[in-house]
Amino acid sequence: MSDSFDAIILGAGAAGLMCAARAGQLGKRVLVLEKAEKPGKKILISGGGRCNFTNIGAGPANYLSGNPHFAKSALARYTPRDFLALIESYDIAWHEKTLGQLFCDGSSKQIVEMLLEECAQSRKVGGDVEVRCNAEVTAVEHEDGRFAVMANGQIVTAPALVIATGGPSIPKMGATGFAYDLARQFGLKVVEPRPALVPLTLGGEELLFREISGVSAPVVASAGKASFPEAALFTHRGLSGPSILQISSYWKPGEEVGIDFLPQSSGDWLLDRKRETPRATLRSVLREALPDRLADILAEKLGIDTELGNASDKALRAAQERLKRWTFRPSGTEGFAKAEVTVGGISTAELSSKTMEAKKVPGLFAIGEAVDVTGWLGGYNFQWAWASGVAAGEAL
Ligand code: FDA
């Protein structure tokens, strides 16, 4: 077994496999080292087993990063349409679920199999990709322009090394901060990682909302300048659902989260209801717009228990104002254990946006979730994995 390659890729996830396939098809001899027993484990569980493999509208505005321009080049050179064309060339059936989110009709397994077949195709053009599983990388050294990688007591070498070991989200699946340790070893800065696309927890008086665990409603959730109109779900620990997961990536500890519980209503909705149905109560009109248990708890918190006809216009205006700008002050998040991705990671200031190569360490590359580029919920993170993988794969 040869121990010398053109490039070694650490991690056989979405980014690593894509990068390997592209480099192999350009004639390179590539070794992919994967610590798990099989490649692409996060792909397999993604999208409820159907992999939300891209978002047809993915563009730089859908990503968080210390440098919002960094992702532009790679995303423009490998687009959602390019990935879709690849899927279709393998006759993988797909559908759009909502908001541009594309899923397999069948199973996520088809995506992993396709990526492995793309790797195998490299042999036809003089390249080669070997994916070695059960190979946890424990140490890397760099001498005379070559990287020496230690995995399971064996040493392999190459002039190019790609960090594609992802972020620490879902440690139960073996995810770690290995990418950051390696980056720091080479003097690259790491933007403090935080759990993202993660449920938020509530404490104090807001614990009251636990009573309505399981209730969901269409809202507009906001944190700072970001806002997302989608469903919010109350849980036994706090808040979840797509709109909350989205804003969790923007939320920082100590900050407020705003919720518009009446996204469809405008003007003096409650005053109009008072004129139309003066005998109705706040609770009963809220029940027309929201799930009953949520309407009841909000009405109770607003403290208006008379008929609308007996409430002052001022009080009803103030109540409507609060329902449109309800604020929660989450006590935290459910952490990396429940986070779909990680915000932060290897600083984009250290990398070329064209090739993903480290500016200070020629031959060292970083791609995928390991890098400080994080997508919204809805297929954006895989699109970044594909696009950054291709960018590096073409430069190896
Ligand atoms: P990824 O984590 O996929 O791969 C890294 C690989 O490196 C792993 O296989 C790991 O075992 C390996 N590794 C780590 N340390 C190593 C070491 N020391 N030595 C060797 N190997 C090592 N995104 C999306 O766009 N659509 C979706 O539907 C979903 N769904 C989803 C569901 C769930 C439950 C999660 C947790 C996440 C998602 N995501 C998602 C996010 C998506 O899975 C994620 O952004 C990509 O998998 C990131 O791809 P990477 O290749 O960068 O890392």
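The values are calculated or read from the model by the stated rules, or taken from the named source; none is laboratory data. Note that the structure is predicted; figures quoted are calculated from it, not measured. As a convention, Cβ positions derive from the backbone with ideal geometry for all residues, glycine included, and neighbour counts pool all protein chains shown. Note: areas computed on protein heavy atoms with side chains; ligands, DNA, RNA excluded. Shrake-Rupley method; radii C 1.70, N 1.55, O 1.52, S 1.80 Å.
Its Cα centre serving as origin, the range 200-333 has a Cβ charge dipole (Lys and Arg +1, Asp and Glu -1) of approximately 160 debye. Per the Kirkwood formula applied to alpha carbons, the range 130-188 shows a radius of gyration over Rh ratio, Rg over Rh, of 0.97.
Are there GluC sites (Glu not before Pro) in the range 185-242 that DSSP marks as loop and that have at most 12 other Cβ atoms within 10 Å, and which are they? Listed in order of number, the matching sites amount to none. Residues in the chain average 43 Å² of solvent-accessible surface per residue, probe 1.4 Å, ligands and nucleic acids excluded.
Seen against the Cα atoms of the chain and their longest principal axis, helix 14-25 is set at about 30 degrees. Mean residue ellipticity at 222 nm, helices only, the chain: -8000 deg cm²/dmol; runs of at least 4 DSSP H residues each add -39,500 (n - 2.57), and the sum is divided by the number of residues. The distance from the alpha carbon centre of the range 72-150 to that of the range 10-68 is 5 Å, rounded to a whole number.
Between ILE45 and ARG275, the simple label model (points 7 Å from Cα in the Cβ direction) yields a spacing of 5.5 nm.
Ignoring ligands, DNA and RNA, what percent of the accessible area of the range 200-333 is carbon or sulfur (1.4 Å)?
Taking all protein chains in place, the range 200-333 shows 49 percent carbon and sulfur surface.
Were the residues from ALA120 through GLU143 laid out at 0.36 nm apart, the gain over their Cα-Cα distance would be 5.2 nm.
In terms of packing, defined here as the mean over residues of other Cβ atoms within 10 angstrom, the peptides 145-152, 261-268, 215-222 line up highest first as 215-222, 145-152, 261-268.
Tell me, what does the Kirkwood hydrodynamic radius of the range 200-333 come to in angstroms if you use every pair of distinct C-alpha atoms? Taking the inverse mean of 1/r over all distinct Cα pairs, the range 200-333 comes out at 15.1 Å. Largest first, the three principal axis extents of the alpha carbons in the chain are 85, 43, 34 Å in whole numbers. Sorting the segments 331-344, 80-93 by their residues' average number of neighbouring beta-carbon atoms within 10 angstrom, most packed first, yields 331-344, 80-93. Taking the longest Cα principal axis of the chain as reference, the axis of helix 292-302 is set at about 70 degrees.
TYR90 to GLU288: FRET efficiency via 1/(1 + (r/R0)^6), r the Cβ-Cβ distance, R0 45 Å, to the nearest 0.05?
Once the sixth-power term is evaluated, E becomes 0.40.
Centre-to-centre separation between the Cα atoms of the range 373-396 and those of the range 298-336: 41 Å. Helix 80-89 and the long axis of the chain differ in direction by around 60°, with both axes built from C-alpha atoms.
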